[in-house]
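Quick notes on the structure that follows.
Read the figures in this text as sums done on the coordinates, not as results from a lab. None of these values were measured; they are calculated from a predicted model. Ideal geometry is used to build each Cβ from the backbone, glycine not excepted, and the neighbour counts take in all protein chains shown.
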Amino acid sequence: MRKDLGDNTKIISAAGAGYKVLQVVHNNATAYVHTTRIKKWDICAGNAILNAVGGQMTNLLNVKIDYSSNDIVINDNGILATMNNHDMYVTKIVKT
């Protein structure tokens with residue numbers, strides 16, 4: 001991830017997807033990037049809060065996460081959560 005975002009990138013380790021989204025909401029972090037599969041129930045509340053305050057969450061393919069299916073509970077394509085500059089992060093980390 002550091003090679004995509006640059007050598008001055010500070011990576012913060014923390015537990016819990018909700019906590020990480022709140023760090024973005026409170027400007028303690030500029031982005032939350034999750035690169036592996038994650039259950040939708042682990043990210044849905046954070047996604048709702050982020051959306052309510054003007055932030056964005058997409059998967060790493062830059063697609064909004066779909067919560068409408070009861071059958072698909074895993075988000076396979078990671079997440080990117082930001083308050084600002086979402087498109088800039090997309091251009092740096094999203095692999096098409």
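Using the number of other C-beta atoms within 10 angstrom as an exposure proxy, rank Tyr19, Tyr89, Tyr67 with the fewest first.
Tyr19, Tyr67, Tyr89
For the residues Met88, Met57, what sequence is obtained by ranking on other C-beta atoms within 10 Å, fewest first?
Going from least to most buried by this count: Met88, Met57.
Between Thr35 and Asp87, with labels modelled 7 Å along Cα→Cβ, what's the label distance in nm to one decimal, could you check?
2.6
Determine, for Lys64, Lys40, Lys10, the number of other Cβ atoms within 10 Å of each Cβ, and report the residues in order from fewest to most. Numbers along the way, then the final one.
On the way: Lys64 11, Lys40 15, Lys10 8.
Result, fewest neighbours first: Lys10, Lys64, Lys40.
Can you tell me, using C-alpha contacts under 8 Å and at least 6 residues apart, the relative contact order of the chain as a whole percent? All intermediate terms of the calculation are to be shown ahead of the outcome.
On the way: 130 pairs, mean separation 33.0, N = 96.
Worked out over the chain, it gives 34 percent.
On full extension of the chain, what length is gained from Ala14 through Asp66, given 0.36 nm per residue of separation minus the C-alpha to C-alpha distance?
Details: separation 52, 0.36 × 52 = 18.72 nm, distance 2.51 nm.
Length gained between Ala14 and Asp66: 16.2 nm.
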